[in-house]
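Just below is one structure, and these are the notes that go with it.
The values are calculated or read from the model by the stated rules, or taken from the named source; none is laboratory data. Since this is a predicted model, take the numbers as computed values, not measurements. Ideal geometry is used to build each Cβ from the backbone, glycine not excepted, and the neighbour counts take in all protein chains shown. The accessibility values were calculated without ligands, DNA or RNA, using every heavy atom of the protein model including side chains. Shrake-Rupley method; radii C 1.70, N 1.55, O 1.52, S 1.80 Å.
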Amino acid sequence: QVQLVESGGGLVQAGGSLRLSCAASGRTFSRNAMGWFRQAPGKEREFVAAITWSVDTDYADSVKGRFTVSRDNAKNTVYLQMNSLKPEDTAVYYCAARYGVVARTERYDYAFWGQGTQVTVSS
């Protein structure tokens with residue numbers, strides 16, 4: 001059974017940093033594109049960042065220059081380093097995995113999802 005488990009969320013002040021982790025089990029995702037999405041209360045789930053197996057990356061404009069996605073294939077884990085956090089970054093953050101190798105920004109392109117981890121940024 002495939003599982004994606006996020007960790008690292010929490011409460012942080014504006015300007016602070018958090019590092020999210022997503023540990024995969026049940027299969028190897030070393031050749032698959034992985035993504036991070038987030039969903040704030042009352043809003044649609046939106047793309048944050050994605051990374052291919054060859055570590056090409058893509059970011060939403062709202063997080064460029066502040067967030068960094070990375071992966072450790074040996075650990076079957078993907079990370080999201082979030083710096084200079086803003087109150088508008090407050091959301092539940094989800095890790096996702098594709099069957100394919102190309103990074104995509106649409107949630108419908110992702111087959112596997114974690115349960116999410118809450119990130120709250122106070123002003």
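Accessible surface area normalised per residue over the chain is 51 Å², counting heavy atoms of protein chains with a 1.4 Å rolling probe. Among the GluC sites (Glu not before Pro) within region 33-101, those in coil by DSSP and having at most 12 neighbouring Cβ atoms inside 10 Å are Glu44. Loop-located trypsin sites (Lys or Arg not before Pro) across region 11-48 with a Cβ neighbour count of 15 or fewer within 10 Å are Arg27, Arg31, Lys43, with loop assigned by DSSP. Distance between the modelled labels on Val2 and Asn83, one decimal in nanometres: 3.2 nm (7 Å Cα→Cβ projection).
Model label points for Val55 and Val101, set 7 angstrom from Cα along the Cα-to-Cβ axis, are 1.7 nm apart. When every Cα-Cα distance of region 22-123 is counted in 10 angstrom steps from zero, the calculated P(r) takes the values 16, 52, 27, 4 percent.
Dividing the convex hull volume of the alpha-carbon atoms in region 48-87 by its residue count gives 66 Å³ per residue.
Comparing Ala23, Ala49, Ala103 in a Gaussian network model of the chain, where Cα atoms under 10 Å apart are tied by springs, the biggest mean-square fluctuation is seen for Ala23. If you plug the beta carbon distance of Asn73 and Glu46 into 1/(1 + (r/R0)^6) with R0 = 22 Å, you get a FRET efficiency near 0.25. Each Lys or Arg adds one and each Asp or Glu subtracts one; over the other residues with Cβ under 12 Å from the Cβ of Glu44, this totals +2. What does the charge add up to near Gln118, with Lys and Arg as +1, Asp and Glu as -1, over the other residues with Cβ less than 12 Å from its Cβ? Local charge sum for Gln118: -1.
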